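The structure under discussion appears below in the form of structure tokens.
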Amino acid sequence: MALQDHFRPPLSIRRHWHAFQSAWATYLASDLNRRLPEGYFAEPNVQFGIEIDVATFEEAGTIRASRGDDRTGLRLAASPVVWTASNPTLTIPPSIVTETVEILVYNREAGPTLAGAIELVSPANKDRSSHRNAFISKCETYLQQGIGLVVVDVVTDRRVNLHDELMARLASLAVAPWDTELYGVAYRPVVREGQTSLDIWQETLAIGRALPAMPLRLPGSLSLPVDLETTYDRTCQEQRISA
């Protein structure tokens, strides 16, 4: 099935894009798990928005008493000392990734160790400078750790090329801008003759066209195809989205 526009009408008012991307990440992980060799596994990681709620509760049946023994002869714990922090000296808006749709590949031989990552770009990753910087910083961290990375951007309602911004952050030499809005990019950090390089595979995507397979590099010489087309077709079928 050819790529459809999930972020603008008519499809965007018939289906929720975040439900589609969540399902797509699941099927991509499932497809990778059929291809990965023994010792590796893939998991989807999908997070939309951030909610931090820390609360203190009083457990039922808590006994309040001063130091000393009660009538049963059991020693009771002292009441805790209440401490209140002073006002913060500074409050800032941090650059954090507020939405994440990714598939992470792990090597389990030495405990779950991250070996590769696939990022499906969401609208929030592109909607403001702080969000873009947070997303690019995450990608930069993966590459600096030698982790193979694939980025897929099918978001049509934000006209920003995150790959160009990542190149501006990483490249020591100027890289010509890539004049495309939708794309898939695979990155492979390598060391050749003592020099660190970054191999890049670029694919331009378009509404109405089939999706490519992208190479995901894992440690050593292992690489796997990320089958965007087959998993996209399955997601459309499961979500009952017709062409």
- request: On the protein heavy atoms, probe 1.4 angstrom, tell me the percent of accessible surface of region 105-212 carried by carbon and sulfur.
  value: 46 percent
Cβ-placed point charges (K, R +1; D, E -1), dipole of region 104-243 about Cα centre in debye, nearest 20: 260 debye
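With a probe of 1.4 Å, find how much accessible area region 97-243 has per residue, and write the answer as a whole number in Å².
Here the residues of region 97-243 average 47 Å² of exposed surface.
Under 10 Å from the Cβ of residue 123, count the other residues' Cβ atoms, weight Lys and Arg +1, Asp and Glu -1, and hand me the total. Please report the intermediate quantities before stating the final value.
Values: positive: 126, 158; negative: 99, 127, 157.
Every neighbour counted, the sum reads -1.
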task: Check each of the chymotrypsin sites (Phe, Trp or Tyr not before Pro) in region 143-189 and keep only those in coil by DSSP with at most 16 other C-beta atoms within 10 angstrom; list them in order.
output: 178
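How do 3-14, 189-200, 217-228 rank on mean C-beta neighbours within 10 Å, highest first? Working shown, then result.
Values: 3-14: 14.2, 189-200: 10.3, 217-228: 16.6.
Those peptides, ordered most packed to least, come out 217-228, 3-14, 189-200.
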- prompt: Whose amide H sits under 5 Å from the amide H of residue 116, counting only residues 5 or more places off or on another chain, with H placed in the peptide plane?
  reply: 105
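Given contacts defined as C-alpha pairs under 8 Å and at least six residues apart, what's the relative contact order of region 106-150, whole-number percent? Before the final figure, lay out each step's value.
On the way: 32 pairs, mean separation 18.6, N = 45.
This gives 41 percent for region 106-150.
Rounded to the nearest 0.05, what FRET efficiency do residue 7 and residue 38 have when you use their Cβ-Cβ distance and R0 = 35 Å? Kindly include the intermediate steps, with their values, before the conclusion.
Details: r = 39 Å, r/R0 = 1.11.
With a Förster radius of 35 Å, E is 0.35.
The values are calculated or read from the model by the stated rules, or taken from the named source; none is laboratory data. Keep in mind it's a predicted model, so treat the numbers as computed, not measured. Every residue, glycine among them, receives a Cβ derived from its backbone with ideal geometry; neighbour counts consider all protein chains shown. The protein model used for the area step is the full one, side chains on, heavy atoms only, and it has no ligands, DNA or RNA in it. Shrake-Rupley method; radii C 1.70, N 1.55, O 1.52, S 1.80 Å.
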